[in-house]
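Presented below is the structure to which this report refers.
The values are calculated or read from the model by the stated rules, or taken from the named source; none is laboratory data. Keep in mind that this is a model prediction, so the values were computed, not measured. Backbone-built Cβ (ideal geometry, glycine too); neighbour counts: all protein chains shown.
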Amino acid sequence: MAAILETRDLCLSFGKLRAVDSVSLSVEEGALTSVIGPNGAGKTTFFNLLSGHYRPDKGAVLLKGQDITGLPPYVLVKMGMGRSFQITNIFPELTVLLNVCVALTASTGKSYDCLHGLRSSARTVSEAVSIIESVGLGPYVDYKGSTLSHGDRKLLEFALVLAIKPSIMLLDEPTAGMNQEETNNTVRLVREISREKGITVILTEHDIDLVFSISDRIAVLNQGRLIALGTPGEIRSNEAVKKAYLGEDA
Amino acid sequence: MKDRSASFVRRLLPFLAAGALVVYPLALPRFYSSLAIEIFIMALFALSFNLMFGYAGMLSFGHAVFYGIGAYTAALVLKHAAESMALAIACSMAVSFVAALVIGFICVRFTRTYFIMLTVAFGELVYVIGHRLVGVTGGDDGLVGIPIPQISLPGLPVIDLSNMRVYYYFSLVIVAAAAVVLRIIVKSRFGHVLRAIRDSQQRALFLGLNVRRHLLLCYALAGLFAGLAGALLVPFEGMVSLETLHFSTSGNPIIVSILGGTQFFLGPVVGAAIFILVKDTVQNVAEFWMLWMGIILVATVMFLPGGVVGFVARFKPFRSAAGIAKKEE
Amino acid sequence: MILIQFLNGLSTAMLLFLLASGLTLIFGVLRVINFAHGSLYMLGAYFTYSVAVFSGSYWVSLLAAPVFVACAAGLIERFFLRRLYVREHEFQLLLLYSFVLIIDDATKAFWGTSIRMVPKPAALTGSIEILGRAFPTYTLLIIGLGPLVALALFLALNGTKIGRQVVAASLDREAASAVGLNVPFLYSVVFVFGAWLSGVGGAVVAPLRGASPGMGMEIIIMSFAVVIVGGLGSIWGAFLGALLLGEVLAFGTLIVPNLIVLLPYAIMILIFLVRPQGLLGRGGG
């Protein structure tokens, strides 16, 4: 399969700290790739480089073969990249429905329309409702974002990212702070997105068992460097990974 | 039964309000017409400010720039080009819009503290320029001796804007029309995108929205309507003073919006009425009315974060009345 | 001539530093721009006038007036600002703006709208000859005061326990309260201390330019320019920014006297475009 996202020799330092150090990685289209590593390994920084939040000191990011280094996030979204944040990021003062309607409006390019109401298009509303139902927030359509529980907010953010119809989704710790039921629900969603919709997924995650059970491929970062990349089986038996990462926990 | 009567009152309310506004200048002495005109102009100025602050989260301390530019533009058109109110208004709005695009282009790159300080700086910069360009603005003396235009439409008697009662109706129509347009903007896709940006710029950016460009358009629209408010001031006062560009003038729409309630569309209108009435009352008995305004503002900020409209809407009997000013989700 | 102008610039710079250091310190810890800073400075000048008239000694008022200003700021912080720390920054800013309105009109009501001159202290009315030109002694005093305050600030922030706590709180508020620092207390201390500095500024400037209603607005804009040039939250940035702006203004009057009023804004906007975090700023904001 072809690589949908590729990094070449990506570097970013904060002062003396090399947060991401010459990472070259390619992600196959349609695969579910997890990025793992001990705390402070540079996972979130790596995500921020991929999604255009940070600009690398050196190196390049390629999306579908095109160099996207330094392009603003809103342009990357138009090219099919969606992301969620580690600290859940939604529009707290808008209702669940309006949250998703705004995301849909963003992807249709009608966001400068000063005349028509957000809900004036029945198609937009029904599309929004079906996305909201697909993540299981159906009963909360008219609730304000700020009134949702932590887990439901994460689901809402999921719905926002789905609304822009991405071909690749970056999920930064999608199950952080969730209880077991919410986690199971989210895992089911991620699987569905990956297997049925064919969306390429890259995620970071703390729960190692979960990572091994859902990933097609796993990338291991340690101190900003990519130390291993392979299938869960390969990673499990990788000596460098054991030493740097799994060994610490055991 | 009770519900039905409440909804009946609610439906009737806009008509009652409209009727009262029509009868008002005929029933009361001329002075009250001019008081109402002041309220209308302040309401429009504050509504334009609140499009920026209440809906997009941009707290500008330099909104007088566009109000002042609108006033000076209208005055210059009336004085030197043509005695046409339509032309004066059109020019004011256009010039204020362009000025807001230019200044906004720099300001919307920044958020929060930096945005606020930049708007203060631009406010002062434009004030200083206005003070220096004596040939255009009249400097400290302001622009005086501005002819007050008449409007003659075919088949209608000539509308003489120098008559205070006539000008009452004229400004009422303009401000009401502008408020309707602003209401449509606030309710539109763009209006909701602004709210989303206010809630989380980052999330909006990563959903593919060009945040800066949306904020710039919002800033420029706010400038345009402030320019219209400034233009309405000219025939009313017959002059333009340098004070329209001053920092304290930038403070007025802020006070008014906070007072009325920034999360309610009509909040600034209610705030404008309170502001002008307090000013008029205090000025009759004391010299320094801003002192009292400051105290009222402290009380509002401390105890009524939703403003007066937000406070009234808390009580059930008034909820139907506040319904027209319904809180935006 | 150039030296004299340089010294004039230096005196402006030191005065601006007194204001900007307080502003930047308050911002660093409370994360809010003290809009009322200029008004407190003006209050300092008026207090100086009244105490000097009452006691007959400028030196007494130089000591007392800043303390009165600090007390006023303490009241504002304790009874108003503190209750708003849980709300959005905008509300804190609006509260401080309300106090601008209140203080500005209250001073007008109390002291009138005309300028109030404070006589220079007898010991400093003369002038010193520098390279064949007379230079007022009092201006030299101001020049000396700036580095003194900078040094005292540096020592206070790095040498005392509370100073180190202030620095810690300004770097990371959550971490500071997590390790058990009394953050609300630090807020009060910083706000009152910053106000005291602006009061000193007002007291120092009173014999030079008198106390007048417009002085607060004038200085706050300049102070904004200084902290933006230097970088919000940075004391040394404020020092550098004050020096730069003071000298630019001093030499600007020689070179482009007509455009001098535009210079601070031009510098401010230029810095915004080229280096928004300021010369020594950490960024953010």
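Quick rundown of the values:
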| item | result |
| --- | --- |
| Matching entry among A:Thr105, A:Thr147, A:Thr183, A:Thr124 (being among the hydroxyl-bearing types (Ser, Thr, Tyr) and in the same structural domain as A:Glu6 (by TED's automatic domain parsing)) | A:Thr183 |
| Looking only at the range C:243-266, and only at residues there that are under 23 Å from C:Met1 (Cβ atoms) and small (Gly, Ala, Ser), the one that is farthest from the chain's Cα centre (by Cα) | C:Gly252 |
| Test result for A:Val96, in contact (Cβ under 8 Å) with a residue 40 or more places away in the chain and either facing chain B (nearest Cβ under 9 Å) or crowded, with 22+ Cβ neighbours inside 10 Å (or both) | yes |
| Flag for C:Ile162 being part of a helix (DSSP H, G or I) and within 14 Å of chain B (Cβ to nearest Cβ) | no |
| Residue identified as assigned to a helix (DSSP H, G or I), more than 12 Å from chain C (Cβ to nearest Cβ), surrounded by fewer than 23 Cβ atoms within 10 Å (Cβ to Cβ) and in contact (Cβ under 8 Å) with a residue 24 or more places away in the chain among B:Leu101, B:Leu78, B:Leu87 | B:Leu101 |
| Some residue of the range A:104-113 being over 12 Å from A:Leu162 (Cα atoms), touching a strand residue (DSSP E or B) at 6+ places or on another chain (Cβ under 9 Å) and of a type outside the set (Phe, Trp, Tyr) | yes |
| Residue within the range B:128-142 that is assigned to a loop (DSSP other than H, G, I, E, B) and away from every other protein chain (no Cβ under 13 Å) present | yes |
| Residue match in the range A:40-59 (condition: surrounded by fewer than 23 Cβ atoms within 10 Å (Cβ to Cβ), farther than 14 Å from B:Arg203 by Cβ, at the interface with another protein chain (Cβ under 8 Å from one of its Cβ atoms) and in contact (Cβ under 8 Å) with a residue 12 or more places away in the chain) | no |
| Restricting the range B:167-213 to residues that are closer than 20 Å to B:Leu266 by Cβ and hydroxyl-bearing (Ser, Thr, Tyr), the residue that is nearest to the other protein chains (Cβ to nearest Cβ) | B:Ser188 |
| Set B:Leu221, B:Leu216: member being touching a residue at least 60 places away in the same chain (Cβ under 8 Å), more than 9 Å from every other protein chain (Cβ to nearest Cβ) and on the phi < 0 side of the Ramachandran plot | B:Leu216 |
| Those residues of the range A:113-127 which are within 12 Å of chain B (Cβ to nearest Cβ) and touching a residue at least 12 places away in the same chain (Cβ under 8 Å), in sequence order | A:Leu118, A:Arg119, A:Thr124 |
| Answer residue from the range C:109-135, given it is surrounded by fewer than 17 Cβ atoms within 10 Å (Cβ to Cβ) and in a helix (DSSP H, G or I) and is farthest from the other protein chains (Cβ to nearest Cβ) among those | C:Ala123 |
| Residue in the range B:239-259 that is within 14 Å of chain A (Cβ to nearest Cβ) and touching a strand residue (DSSP E or B) at 6+ places or on another chain (Cβ under 6 Å) present | no |
| Residue ranges of helices (runs of 4 or more DSSP H) in the range A:153-250 with at least 2 members in contact (Cβ under 8 Å) with a residue 40 or more places away in the chain | A:180-195, A:208-214 |
| Matching residues, the range A:71-93, being within 19 Å of B:His214 (Cα to Cα), within 17 Å of the chain's Cα centre (by Cα) and within 7 Å of chain B (Cβ to nearest Cβ) | A:Pro73, A:Tyr74, A:Val77, A:Lys78, A:Ile90 |
| Residue list for the range A:128-152, restricted to those being under 23 Å from the mean Cα position of the chain (by Cα), more than 14 Å from every other protein chain (Cβ to nearest Cβ) and assigned to a helix (DSSP H, G or I) | A:Val129, A:Ser130, A:Ile132, A:Glu133, A:Ser134, A:Gly138, A:His150, A:Gly151, A:Asp152 |
| Subset of the range C:109-126 (residues that are aromatic (Phe, Trp, Tyr) and under 21 Å from the mean Cα position of the chain (by Cα)) | none |
| Filtered residue count, the range B:291-316, keeping only those that are within 21 Å of the chain's Cα centre (by Cα), at pLDDT 90 or above and facing chain C (nearest Cβ under 8 Å) | 4 |
| Test: residue in the range A:31-38 that is under 30 Å from B:Leu182 (Cα atoms) and either within 14 Å of chain B (Cβ to nearest Cβ) or of a type in the set (Ser, Thr, Tyr) (or both) | no |
| Filter result for B:Pro157 (without any contact (Cβ under 8 Å) to a residue 60 or more places away in the chain and either closer than 30 Å to A:Ile168 by Cα or surrounded by fewer than 22 Cβ atoms within 10 Å (Cβ to Cβ) (or both)) | yes |
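For (1) more than 27 Å from B:Val120 (Cα to Cα); (2) surrounded by fewer than 18 Cβ atoms within 10 Å (Cβ to Cβ), each residue gets a yes or a no:
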residue: C:Gly38; (1), (2): no, no
residue: C:Trp59; (1), (2): yes, yes
residue: C:Leu63; (1), (2): yes, yes
residue: C:Gly74; (1), (2): no, yes
residue: C:Leu84; (1), (2): no, no
residue: C:Phe91; (1), (2): no, no
residue: C:Leu95; (1), (2): no, no
residue: C:Asp104; (1), (2): no, no
